[in-house]
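Q: Pasting a structure here, questions to come.
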Amino acid sequence: MQANGAGQDRDLELSCRNGAQNGDASSTGVAHSNGLVSITNNGNSVSNNSSGVSAQPVSTNSSTADVKKKKRLSQCEEDVIRLIGQHLHDLGLNQTVDLLMQESGCRLEHPSATKFRNHVMEGEWDKHLLKSPRRGNKKHLNGKWSRMKFLLLQQKYLEYLEDGKVLEALQVLRSELTPLKYNTERIHILSGYLMCSHADDLRAKAEWEGKGMASRTKLLDKLQTYLPPSVMLPPRRLQTLLKQAVELQRERCLYHNTKLDTGLDSVSLLLDHACSRKQFPCYTQQILTEHCNEVWFCKFSNDGSKLATGSKDTTVIVWHVDAETQQLKLMKTLEGHAYGVSFLAWSPDDAYLIACGPDDCSELWLWNVQTGELRTKMSQSHEDSLTSVAWNPDGKRFVTGGQRGQFYQCDLDGNLLDSWEGVRVQCLWCLSDGRTVLASDTHQRIRGYNFEDLTDRNIVQEDHPIMSFTVSRNGRSALLNVATQGVHLWDLQDRVLVRKYQGVTQGFYTIHSCFGGHNEDFIASGSEDHKVYIWHRRSELAIAELTGHSRTVNCVSWNPVLPGLLASASDDGTVRIWGPDPFLDVQDPEGLTGMNTTNQYI
């Protein structure tokens, strides 16, 4: 935030006052142009001096009365009073503002600023509004005057055009705007508006509200950004500060998992923002027991309406997610995966689902989810190992590979389009550019491969095997499950390790973690100690440890549409659906009452 009354603003402040003093003195009980009122109260005169703090009240009976000294306000106190005064003024409580300024001895804004505001709002462009500032003021504006004058002349020009005064508008364009030699590209655009046949056409092409309060208020807001706050406060400054405070509290809240509402009407300013675990997916809402063996993988569809689970029992089960009750119902069972299902990938439009098996599986299944029909069963060689897959963003291609050195790009019918020799793939991901494929390999690294120009480059290098990884929606971050190390967060753009998350037990099993929650602010991972761990992206310490599974948790998946829904798949043969406290008070959606910040959950 800018500090009001900074040294470089004071010369401008004094000049503003001097320019406003001619003819501005008012009689007792009459409002000044700066919004203040001078009155006589029991012989004590209250007035404004150049320091912005009221003078000492002096008694008319100086022989018997002592001079009463008012407490001098600090700069911070003055700023707060001015902010409150501005807010009250915006609410139309002008008499209250006058009284506040009188009693405090502060000045809401300088008389010249008030004159400036009035001229703009009345459209009085020729009343000294467009005159260059004095030399001292010009120095402090640091070249901003040209921008301010351009904005004022632009409004003047557009208003002339709307009124049908084409000659006057042309005069402004030629004699006032063009000589500024500022933003010539915009001047060319403005000149084109001369061809507008009527006012509606002008407003549409200029994206302008038209002559009146709306456009002039918008203009004034822009102009105020060029003036120091000691002269004129930025518009709605108190509301801006309050919004920033609310947003900061929400960003620092470890459990906040809902959309950030930037409005102030949805929050109470009387309490600090604090969410509890009650609205966080820490409670078992449902246990899916339809699989009859270890469940190796789970993944929500991109639209959040379905969940696919793959198991050692050779089946894939597709579940329907009820958005209102957040309960899951069995939708389809896809059978015939002889080696079991250890990895699943939804197509970008959720129409297809690809299933891969463990290391000794050479086949890949591509299912039509809606019909339950097998579209493609792909196998290039019985010696292949196809354990991972990733869809190209166009939904027409996918890449697949395994640890035996296969790395293929195929179409939906399983036809081989391209291949990369000698890459022992552990996990795959296609970036949104449609060209780059990320692949972790047996050399403890992630490399980027381009199938179009056949180039590759190193992106991530770890010291231990990368068992699996996933990438955030914006493609900026990667989440790695590293053998014996746990979960690591990498910045793919800067190629640096950002954070190592603590708590999870990770050996040489393949465990899949995920980003999740609103805005992907959270990270979840399974663990060999039978728990699900959840971290806030900014914190290395877990904010939740979810217990309930009785064996290793192999995979977790966070619903991309319902941020309060999390699924976990385990060797105990079950899939657990985690959600908020089922007894959460509907009147207390953020769980503010009875808040408990412990990290252990039952």
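The values are calculated or read from the model by the stated rules, or taken from the named source; none is laboratory data. These numbers were taken from a predicted model, which means no experiment stands behind them. Cβ: placed from backbone, ideal geometry, glycine included. Neighbour counts: every protein chain shown. Protein only, heavy atoms only, side chains kept; ligands, DNA and RNA dropped before computing areas. Shrake-Rupley method; radii C 1.70, N 1.55, O 1.52, S 1.80 Å.
Q: In region 471-490, how many are in a strand (DSSP E or B) and open to solvent by less than 20 Å² (accessible area, probe 1.4 Å)?
A: 11
Q: Only one of (1) farther than 28 Å from Thr325 by Cα; (2) touching a helix residue (DSSP H, G or I) at 6+ places or on another chain (Cβ under 7 Å) is not met by Pro563, so which one is it?
A: Answer for Pro563: the failing condition is (1).
Q: Answer yes or no: is there a residue in region 376-398 that is in contact with a Lys or Arg (Cβ under 6 Å, 6 or more places away or on another chain) and either at pLDDT 90 or above or open to solvent by 20 Å² or more (accessible area, probe 1.4 Å) (or both).
A: no
Q: Right, another one. Check whether at least one residue in region 291-307 is among the aliphatic types (A, V, I, L, M), in contact (Cβ under 8 Å) with a residue 40 or more places away in the chain and either more than 30 Å from Cys410 (Cα to Cα) or not in a strand (DSSP E or B) (or both), and report yes or no.
A: No, region 291-307 has no match at all.
Results for (1) closer than 24 Å to Asn481 by Cβ; (2) out of contact with any Pro (no Cβ under 6 Å at 6 or more places or on another chain); (3) in a loop (DSSP other than H, G, I, E, B), shown as yes or no for each residue.
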residue: Cys361; (1), (2), (3): yes, yes, yes
residue: His382; (1), (2), (3): no, yes, yes
residue: Leu386; (1), (2), (3): yes, yes, yes
residue: Val389; (1), (2), (3): yes, yes, no
residue: Asp394; (1), (2), (3): no, yes, yes
residue: Thr400; (1), (2), (3): yes, yes, no
residue: Glu421; (1), (2), (3): no, yes, yes
residue: Cys427; (1), (2), (3): yes, yes, no
residue: Ser432; (1), (2), (3): yes, no, yes
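Q: Counting just the residues of region 75-84 that are open to solvent by less than 60 Å² (accessible area, probe 1.4 Å) and over 31 Å from the mean Cα position of the chain (by Cα), which one comes out modelled with the highest pLDDT?
A: Checked region 75-84; the qualifying residue modelled with the highest pLDDT is Ile81.
Q: Related question: Here are the criteria: (1) open to solvent by 20 Å² or more (accessible area, probe 1.4 Å); (2) at pLDDT below 95; (3) farther than 26 Å from Pro358 by Cα. Tell me which single one Val504 does not satisfy.
A: Result: Val504 fails condition (3) only.
Q: Right, another one. Any idea how many residues of region 447-470 are in a strand (DSSP E or B) and more than 23 Å from Gly395 (Cα to Cα)?
A: So the answer is 7.
Q: Among Lys218, Lys181, Lys222, which is open to solvent by 20 Å² or more (accessible area, probe 1.4 Å) and in contact (Cβ under 8 Å) with a residue 40 or more places away in the chain?
A: Just a single option satisfies the conditions, and that option is Lys222.
Yes or no, residue by residue, for (1) more than 21 Å from Asp303 (Cβ to Cβ); (2) free of Cβ contacts under 8 Å to residues at least 24 places away in the same chain:
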site	(1), (2)
Gln326	no, no
Asp349	no, no
Pro393	no, no
Gly402	yes, no
Leu412	no, no
Leu416	yes, no
Arg435	yes, yes
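Q: For region 534-558, which positions are open to solvent by 10 Å² or more (accessible area, probe 1.4 Å) and either in a loop (DSSP other than H, G, I, E, B) or in contact with a helix residue (DSSP H, G or I) (Cβ under 6 Å, 6 or more places away or on another chain) (or both)?
A: Arg537, Arg538, Ser539, Glu540, Leu541, Ala542, Thr547, Gly548, His549, Ser550, Arg551, Thr552
Q: Now for a separate question. Counting only residues that are in contact (Cβ under 8 Å) with a residue 40 or more places away in the chain, in a loop (DSSP other than H, G, I, E, B) and within 20 Å of Gly310 (Cβ to Cβ), which one in region 509-533 is most open to solvent (accessible area, probe 1.4 Å)?
A: Tyr509
Q: Just wondering, is there one or more residues in region 362-370 that are under 23 Å from Gly422 (Cα atoms) and not acidic (Asp, Glu)?
A: Yes.
Q: Still on this model: From (1) open to solvent by 10 Å² or more (accessible area, probe 1.4 Å); (2) at pLDDT 95 or above; (3) aromatic (Phe, Trp, Tyr), pick out the condition that doesn't hold for Trp578.
A: Only one criterion in (1) open to solvent by 10 Å² or more (accessible area, probe 1.4 Å); (2) at pLDDT 95 or above; (3) aromatic (Phe, Trp, Tyr) is unmet by Trp578, namely (1).
Q: Only residues in region 447-469 that are farther than 13 Å from Cys427 by Cα and open to solvent by 60 Å² or more (accessible area, probe 1.4 Å) count as the first member; pair them with residues that are aromatic (Phe, Trp, Tyr) and not in a strand (DSSP E or B), Cβ under 9 angstrom, at least 6 apart or cross-chain, and list the lot.
A: Leu454/Trp420; Asp456/Trp420
Q: Which ones in region 220-261 are assigned to a helix (DSSP H, G or I) and charged (D, E, K, R)?
A: Scanning region 220-261 gives Asp221, Lys222, Arg237, Lys243, Glu247, Arg250, Glu251, Arg252.
Q: Do we find that Val482 is within 24 Å of Tyr408 (Cβ to Cβ) and either touching a Cys at 6+ places or on another chain (Cβ under 7 Å) or of a type outside the set (Gly, Ala, Ser) (or both) in this structure?
A: In short, no.
Q: Test Arg404 against the criterion of being surrounded by 13 or more Cβ atoms within 10 Å (Cβ to Cβ) and in a loop (DSSP other than H, G, I, E, B), and give yes or no.
A: In short, yes.
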